[in-house]
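Following: one structure in structure tokens, then a few remarks.
The values are calculated or read from the model by the stated rules, or taken from the named source; none is laboratory data. In this text, all values refer to a predicted model and were calculated from it rather than measured experimentally. We place every Cβ from the backbone using ideal geometry, glycine too, and count neighbours over all the protein chains shown.
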Amino acid sequence: MFTNIKKITGIALKVVFILVIVVILFGTFGTVQAGERGVKTRFGAIVGVIQPGLYFKIPIVERVAMVEVKTRTVNYDKGGDYGDEKPTGDNLFGASKDLQDVAIGVVVNYHVNPDKADSIYAQYSSTANYEMNVIEPIIREVVKSTSAQYTAEELVTKRAEYGDKVNIILNERFTSKDAVLERFSVTNFEFSKAFTQSIEAKVTAVQNAEAAKNKLEQIKFEAQQTIEKAKAEAQAIAIQAQAINSQGGADYVQLQAIQKWDGHLPTQMIPGATVPFLNLTK
């Protein structure tokens, strides 16, 4: 019996030894996926950054942590995943130069500078922590401070200019913080209900004024047409009169009337009335 126990113990130790060897062997290598960088540490100290692909390390002594360097999206768009409220409870609200409250929807695409993966890991442990503590505060601060340089109306009429200015500032700030800005988009401006109503009223007034102006111009055009038509008719009459006078005046008119007469006299004659085309006194 003692012999059997000894055999079983020996087999168990061999199995454990084999498992330890397998774990150690598998712990000596791994892979870094595309869009990541591996940060290798030895007893907690960073000793290098591993590119995508297969890597080797010393089991137990060394560890490899993954840092995401692919494109990430920070969405402050009301129609997006977060809307104007982020999970932290922060709202992306700003104020215009004329002190109008404005909710600004923006979407930012960026990625961590792959060459700085080790320093980001050293400070923030992960890209998610880095985004929450560095990227998001920069976006909120720049978007809000830049909106204060424009009136509410200018934010609408100069939207492209505003977006370009924010884009330039974000690019500089991101670069200084080991990130690369890929794309910044202004997706929406929302103002207070009272301000929106005042803008709608202003637009309506402008449209009505423009319509009235167009109507007045139409009336003036039609009146001018009537005047020109009357002038043309008067000129035509003057030309006809001049032509008649040049061809004998009253005699020419008499001749034209005779040519158009059908040859019949009126059935009733009024005493003293003249007979058309006939001069009985001659």
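Among the residues making up segment 145-172, those that are over 17 Å from Ile135 (Cβ atoms) and in contact with a strand residue (DSSP E or B) (Cβ under 8 Å, 6 or more places away or on another chain) are Ser147, Ala148, Ala152, Leu155, Val156, Arg159, Tyr162, Gly163. In this structure, is Gln254 polar (S, T, N, Q), out of contact with any helix residue (DSSP H, G or I) (no Cβ under 9 Å at 6 or more places or on another chain), outside any helix (DSSP H, G or I) and modelled with pLDDT under 80? No; evaluated as a whole, the condition is false for this residue.
With Phe184, Phe174, Phe195 as the choices, which residue is touching a residue at least 60 places away in the same chain (Cβ under 8 Å), under 14 Å from Asp101 (Cβ atoms) and surrounded by 15 or more Cβ atoms within 10 Å (Cβ to Cβ)?
Working: Phe184 fails: under 14 Å from Asp101 (Cβ atoms); Phe174 fails: under 14 Å from Asp101 (Cβ atoms).
Result of the check over Phe184, Phe174, Phe195: Phe195.
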